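What follows is one structure encoded as C-alpha cells, with my remarks underneath.
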Amino acid sequence: MPTVPSQPIDVRRDQALHMMLSTRGSAIVVVTRGDTSMVPHLRGGDAVLAVPLAAAPGRGDLLLYRQSDYWVVHRCLGRVVARDGREGLRTRGDGRNALDPLLAPDDVLARVTALRRRGVWRSLESRPARAYALLLAWHDLFWAAVGVAARKAGLGRAVAEIDLLSLRLSVPLAFPLFHRRIANPAVAGPDEAV
C-alpha cells in the first residue's frame, strides 16, 4: 500500500530545487505547457538554466521566483519603492502587458543564465545578451506604461496586441544574433515546470 508523503509535493519540489541550487550550483527548470507569460522568448516545454544569485538582480535579468503555488520566470525591470515604503523588484512577463506585483528581493530563488528555445540552448551571459536584456527591460517598461494609459481609455487590448506583435516580429531575428549557442548543460532538474 502506498504511503502518504509527509510533505506536500510543492514543498518537496521547492526543497529539491533549493538543494540543487545550493549543492550543484544550478538547476534546469522546464516551462509549463501552455504558459505564455514570456512569449515569444519562452513557451511551454522550453527550459531555463537557473543559478543562485551572486549579486542583486539587475535590470533585464530573468529571475526565477515562487508566486503563490508555482514558480515564475519573468524579467526584472529594476528596483522600486512602493507608495507604502516597501522596497522591491518590478518584474513583468515579456508576453504580458501588465507589471507583476512588487517582488521582495528575498523571494527570488535564482537568476536564469541560459535558456532552451525549440531545443537549442543559448547563453544569456555575454555582453551582447546583456545589452539585449536591457533593451527588453526598457521595452517592457515603456509598453506597460502605455498599457496603463490605454486601459483608462478603453484601448488596453489594442496596446497589448501591438506590444506583443512588436516582440513577435523582432525576437525571432534579434534573439539568435545576440545570444550564442551553447552545449546542453549537464545538469539535472526537478520535475516541476514554471
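The values are calculated or read from the model by the stated rules, or taken from the named source; none is laboratory data. From a predicted model like this one, the values you see are computed outputs, not experimental measurements. Counting neighbours? That spans all protein chains shown, and the Cβs are built from the backbone with ideal geometry, glycine included.
Looking at the structure I just gave you, is Val112 among the aliphatic types (A, V, I, L, M), without any contact (Cβ under 8 Å) to a residue 40 or more places away in the chain and assigned to a strand (DSSP E or B)? When the stated conditions are applied, Val112 does not pass them. Inside the stretch 35-53, residues that are surrounded by 17 or more Cβ atoms within 10 Å (Cβ to Cβ) and in contact with an Asp or Glu (Cβ under 6 Å, 6 or more places away or on another chain) make up a count of 2. If you go through the stretch 75-113 and keep only what is crowded, with 20+ Cβ neighbours inside 10 Å and hydroxyl-bearing (Ser, Thr, Tyr), you end up with just Thr91.
Summed over the stretch 82-109, residues that are part of a loop (DSSP other than H, G, I, E, B) and in contact with a helix residue (DSSP H, G or I) (Cβ under 9 Å, 6 or more places away or on another chain) total 7. Suppose we keep only residues that are small (Gly, Ala, Ser) and either modelled with pLDDT of 95 or more or touching a Pro at 6+ places or on another chain (Cβ under 9 Å) (or both) within the stretch 105-140. Which one would you say is farthest from Ala174 (Cα to Cα)? The qualifying residue farthest from Ala174 (Cα to Cα) is Ala110. Return yes when Val72 is buried (at least 16 other Cβ atoms within 10 Å of the Cβ) and either under 20 Å from Gln15 (Cβ atoms) or free of Cβ contacts under 8 Å to residues at least 60 places away in the same chain (or both) and no when it is not. Yes: the conditions hold for Val72.
Among the residues of the stretch 10-41, those that are part of a helix (DSSP H, G or I) and either in contact with a helix residue (DSSP H, G or I) (Cβ under 8 Å, 6 or more places away or on another chain) or without any contact (Cβ under 8 Å) to a residue 40 or more places away in the chain (or both) comprise Val11, Arg12, Gln15, Met19, Ser22, Thr23. Taken together, Thr36, Thr91, Thr113 contain a single residue that is under 19 Å from Val148 (Cβ atoms) and polar (S, T, N, Q), which is Thr91. Checking each residue in the stretch 116-131 for being out of contact with any Ser or Thr (no Cβ under 9 Å at 6 or more places or on another chain) and either of a type outside the set (D, E, K, R) or in contact (Cβ under 8 Å) with a residue 40 or more places away in the chain (or both) picks out Arg116, Arg117, Arg118, Gly119, Val120, Trp121, Arg122, Ser126, Pro128, Arg130, Ala131.
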